[in-house]
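Comments concern the structure below.
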Amino acid sequence: MEISVVRGDICAVVADAVVTAGNSSLVGGSGVNGAIHAAAGPELLRASRALAPCPAGSAVVTPAFRMANTSWVIHAVGPVYSGPQDEALLASAYTESLARADEVGARSVAFPAISTGIYGYPEADAARVSVAALRGARTSVETVYLVAFGERTAVLWERALS
Ligand code: AR6
């Protein structure tokens, strides 16, 4: 699997699937989830809500509806950070997303930095955990884009990859 860091808005990335950092009720929200729901249109909320609840560490997949650059939205739920013991749940959010990508035949997947916004996961730890989880996964996904919304996220991911 090839993993690269991309800077900017995940809605602009061309990939078979994009991952959103959701909540267990799978209702829209702010942050990257708000941006993806705005781009995909109201059908996304109806489709995702029907698959709730989705506990932390798991992921579900829906069509991407009105998004032009992707076919699928994978709704991953990371942990609300409470301490280093949340590492397994964060890793699982990444590997479960790859499992959903495999189910729909997506070969390229764009990820945001799950849990590092509103959910408060320390960014450097999250970068390390996400890269280790992706590298350790058994998957048919060939290309992963780590989409960094800020420069600090990009630098931390590049460091974790090197
Ligand atoms: N493209 C890529 N990354 C983005 C974008 C974007 N358009 N917008 C924000 N980010 P967050 P969480 C980055 O808070 O911590 C929502 O309300 C952001 O800078 O979106 O998992 C959900 O509904 C940060 O690095 O997700 C949940 O309730 C990263 O995406 C809750 O927030 C994740 O920040 C999930 O919180």
Item checked: Residue-wise HN-Hα coupling along segment 55-62, computed from phi with Karplus coefficients 6.51, -1.76, 1.60 (Hz; x: Gly, Pro) -> x, 3, x, 10, 8, 10, 10, 9
Check: Using a 1.4 angstrom probe with every protein chain in place, what is the largest-first accessible-area order of 149, 65, 111?
Finding: 149, 65, 111
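Could you sort 10, 3 by accessible area so the largest value comes first, with the probe set to 1.4 Å?
3, 10
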Item checked: Protein accessible area in segment 34-162, 1.4 Å probe - carbon and sulfur % -> 55
Margin query: Quick check: residue separation of residue 143 and residue 68 times 0.36 nm, minus the Cα distance between them. What number comes out in nm?
Written below: 25.1 nm
Checklist line | Computed [θ] at 222 nm, helices only, for the chain once each DSSP H run of length n ≥ 4 contributes -39500 (n - 2.57) | finding: -11500 deg cm²/dmol
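The values are calculated or read from the model by the stated rules, or taken from the named source; none is laboratory data. Note that the coordinates shown come from a computational prediction; the quantities given were computed from them, not determined experimentally. Side chains included, ligands, DNA and RNA excluded: accessible areas come from the protein's heavy atoms. Shrake-Rupley method; radii C 1.70, N 1.55, O 1.52, S 1.80 Å.
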